[in-house]
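Remarks on the structure that follows.
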Amino acid sequence: MNFKILKGTLSDDVKNRLCERIAERITDVALAYIGEKELYSVEVRVEAEGPNDKGLVMLALEVRIEASPFIKKDLDEISHNAIEEGVVYARELLEKWGFQTSLWRTIEEA
């Protein structure tokens with residue numbers, strides 16, 4: 001997913017905080033969908049690059065969920081929903097921290 005930063009620049013510290021907070025949110029979403037007893041592990045990889053000369057910041061989000069084989073839920077769908085929540089949360093955080101953003105496009109749209 002790409003965000004266009006309309007105002008401000010992202011320092012490495014801001015990018016690191018953003019990645020940590022997104023990973024926490026995605027883990028919380030997975031817990032909410034599956035439940036603590038059935039959820040074995042959640043691996044979240046979040047990377048932020050940029051902004052480039054056009055002001056674009058790229059966030060790469062990858063989620064891997066392991067859960068009890070007895071749950072009747074689609075883990076791919078849960079992963080997708082968790083990533084969607086991470087996208088929304090990333091934009092909320094950036095705006096809360098004083099950045100003006102616009103969601104430019106997601107990888108699926110690219």
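Read the figures in this text as sums done on the coordinates, not as results from a lab. The structure displayed is predicted, hence computed values, not measured ones. Backbone-built Cβ (ideal geometry, glycine too); neighbour counts: all protein chains shown.
Could you pull out the trypsin sites (Lys or Arg not before Pro) across region 28-88 that fall in loop regions by DSSP (anything but H, G, I, E, B) with no more than 10 other Cβ atoms inside 10 Å?
Listed in order of number, the matching sites are 37, 54, 72.
R0 = 22 Å: FRET efficiency of residue 53 with residue 95, Cβ-based, nearest 0.05?
Working: r = 22 Å, r/R0 = 1.02.
Computed FRET efficiency for residue 53 and residue 95 comes out at 0.45.
May I ask for the net charge around residue 77, where only other residues with Cβ less than 13 Å from the Cβ of residue 77 are counted and Lys, Arg are +1 while Asp, Glu are -1?
Neighbour charge sum, excluding residue 77 itself: -2.
Per 10 Å bin, what percent of the C-alpha pairs of region 37-94 does each bin hold, from zero upward?
It works out to 19, 44, 24, 10, 3, in whole percents.
Based on the Cβ-Cβ distance from residue 68 to residue 16, what FRET efficiency comes out when R0 is 35 Å, to the nearest 0.05?
Details: r = 33 Å, r/R0 = 0.93.
The formula returns an efficiency of 0.60 here.
Using DSSP to define loop residues, name the chymotrypsin sites (Phe, Trp or Tyr not before Pro) in region 13-86 whose beta-carbon has at most 16 other beta-carbon atoms within 10 Å.
Sparse-neighbourhood loop chymotrypsin sites (Phe, Trp or Tyr not before Pro): 70.
So how many Å³ per residue does the convex hull of the Cα atoms of region 2-109 work out to?
88
Within region 2-109, what is the number of lysine pairs with alpha carbons under 29 Å apart, leaving out pairs fewer than eight places apart on the same chain?
Going through region 2-109 pair by pair, I get 11.
Pick out, from 42, 78, 56, the residue whose Cα sits farthest towards the positive end of the charge dipole of region 2-96, with +1 on the Cβ of Lys and Arg and -1 on the Cβ of Asp and Glu.
Projecting each Cα onto the dipole axis, the largest value belongs to 56.
Taking the Cα centre of region 1-98 as the origin, how large is its charge dipole in debye, to the nearest 20, when only Lys and Arg (+1) and Asp and Glu (-1) carry charge on their Cβ atoms?
For this selection, approximately 320 debye.
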